[in-house]
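Visitor: Quick one: structure below, then a few questions.
None of the figures in this text is laboratory data; all of them are computed from the coordinates on show. Bear in mind the structure is a predicted one, so any value in this text is a computation, not a measurement. Methodologically, a virtual Cβ is constructed for each residue, glycine included, from the backbone with ideal geometry; neighbour enumeration extends over all protein chains shown.
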Amino acid sequence: MKRISKMIRRTVAVAAFLLFACTGLRGQNYSISTNVADWLALGTINVQGSMPVSRHISLRTGAAYNPFTFGSGEKQKYFRRIELSFGARYWPWFVNSGWYLYSYANWAKYAWGGIFTHKAYEGYAYGAKIGGGYALMLDKGINLEMGMGGFIGMTNYTKYSCPHCGHNEGKKEKFVVAPAGLLLGISFVF
């Protein structure tokens, strides 16, 4: 777990460096944000960084981490994950304001169980997230972001009989098209 935590810190540090060092700084364009909907999904810690590359396009990188398990025994619930993404947003008006479309490359290691079913799943997913949303300017440096998207990609997972017993029902790899990425976020623009 320490090795994974160290990997996440390094990835976020490299992403932040690339985000802010690759172009000259310009005021009111860069942003740091968090998705409140992820925090409500059993406490998923998340952060995203964004920088403009033109008036209508911004690059975005993000990370999410959830190590928490709630309850015990048969009432155990968890949505543990490590997720990394990198992509771009297209803004018809201008960066960080109004409607946008996005596409992100996405990788995740996940384990969830006891939430929608009594089964548990653990595995990896990689592919693309695509979707859209709206950024509402609340103040000079604060935006409220709302959006939805979907995931298209591959998942490789192990299925278990229950979240706490560890009885393996088999491994599977499959192509997935699924809803993903409900966004209700706060963005700090500088």
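Visitor: With θ set to phi - 60° and the Karplus curve 6.51 cos²θ - 1.76 cosθ + 1.60, what are the ³J(HN,Hα) couplings of the stretch 141-153 in order, to the nearest whole Hz, using x for Gly and Pro?
Guide: x, 10, 10, 9, 10, 10, x, 9, x, x, 10, 10, x
Visitor: Here is a further query. With θ set to phi - 60° and the Karplus curve 6.51 cos²θ - 1.76 cosθ + 1.60, what are the ³J(HN,Hα) couplings of the stretch 73-89 in order, to the nearest whole Hz, using x for Gly and Pro?
Guide: These are the phi-based 3J(HN,Hα) values: x, 6, 9, 5, 9, 7, 9, 6, 6, 10, 9, 10, 9, 8, x, 9, 10 Hz.
Visitor: Can I ask one more? Report Rg/Rh for the stretch 2-189, rounded to two decimals, where Rg is the Cα radius of gyration and Rh the Kirkwood radius. Please report the intermediate quantities before stating the final value.
Guide: Details: Rg = 17.7 Å, Rh = 17.6 Å.
My calculation puts Rg/Rh at 1.01.
Visitor: What does the net charge come to around TYR124 if you take all other residues with beta carbon closer than 11 Å to its beta carbon, with K and R at +1 and D and E at -1?
Guide: Around TYR124, the charge tally is -1.
Visitor: Sticking with this one: Could you give the dipole magnitude of the stretch 69-123 about its Cα centre, charging the beta-carbon of Lys and Arg +1 and that of Asp and Glu -1, in debye to the nearest 20?
Guide: Details: 7 positive and 3 negative charges, 19 e Å.
Dipole about the Cα centre, nearest 20: 100 debye.
Visitor: Measure nothing but the geometry: give the 0 to 90° angle between the long axis through the Cα atoms of 2-21 and the longest principal axis through the Cα atoms of the chain, rounded to 10°.
Guide: On a 0 to 90 degree scale, this one is about 20.
Visitor: Provide the packing ranking of 161-167, 78-84, 42-48, i.e. peptides ordered by the mean count of other C-beta atoms within 10 Å per residue, highest first. Walk me through the numbers on the way to the answer.
Guide: Numbers: 161-167: 14.9, 78-84: 19.6, 42-48: 17.1.
Listed from highest to lowest mean packing, they are 78-84, 42-48, 161-167.
Visitor: With only Lys, Arg, Asp and Glu charged, each at its Cβ (+1 for the first two, -1 for the last two), find how big the charge dipole of the chain is about the Cα centre; round to the nearest 20 debye. Provide the component values of the computation, followed by the final result.
Guide: Numbers: 21 positive and 8 negative charges, 100 e Å.
It comes to approximately 480 debye.
Visitor: Mind giving me the nanometre distance, one decimal, between the label points for ILE152 and ALA128, set 7 Å out from Cα along Cα→Cβ?
Guide: 0.5
Visitor: Another one. How high is the relative contact order of the chain? Use alpha-carbon pairs under 8 Å, at least six apart in sequence, and give a whole percent.
Guide: Values: 483 pairs, mean separation 34.8, N = 190.
Value for the chain: 18 percent.
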